[in-house]
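Everything below concerns the one structure shown next.
The values are calculated or read from the model by the stated rules, or taken from the named source; none is laboratory data. None of these values were measured; they are calculated from a predicted model. FYI the Cβ positions are ideal-geometry reconstructions off the backbone, even for glycines, and counts take in every protein chain you see.
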Amino acid sequence: MPERAATSPKLAIVPFKGAYGPQSVDLIAQEFAKRDIATLVGASVISIIGYDIDFADASPNTANLLQRYSEELDVDFVLTGTVEAIGGPLYPFDHVKMTMRLIDVSTGQTRWIGNYGNSIWTSAISTQGDISRGAKQIAKEFDASGADDLVR
């Protein structure tokens, strides 16, 4: 692989699974940008490579696709995840549960896992507010864990 330019992102944020995945991708990318973490984002990733990968699948085929992903996007890591809607009788709107994984595309190893969501209580007053809070929390966890150093 050719050497990457200093400003090229090392991280692609792939489309997240779940009802609120598309909104969450954009908000997490914004939070990463505030922390000076350059990314390729969501739908633009798929348009570059022309296909989507199920990162939950740990088959050899997925490992081969990860290698192609790395070469075609010129990234070292992908952030993938699921954003689930959690409804309940105690609140009038859906809360979200986010689970994120940072995958090293050269090895297929998960290098970081982050979670957000408490179906019992949140001080958010809307689903959008909970998604925004979740994006901030995921980015904060990512930064605090040192995973941000991997992708800079």
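May I ask you to verify whether L73 is in contact with a strand residue (DSSP E or B) (Cβ under 7 Å, 6 or more places away or on another chain) and at pLDDT 80 or above? No. Restricting attention to the range 22-59, the residues that are surrounded by 13 or more Cβ atoms within 10 Å (Cβ to Cβ), modelled with pLDDT of 90 or more, part of a helix (DSSP H, G or I) and of a type outside the set (S, T, N, Q) total 8.
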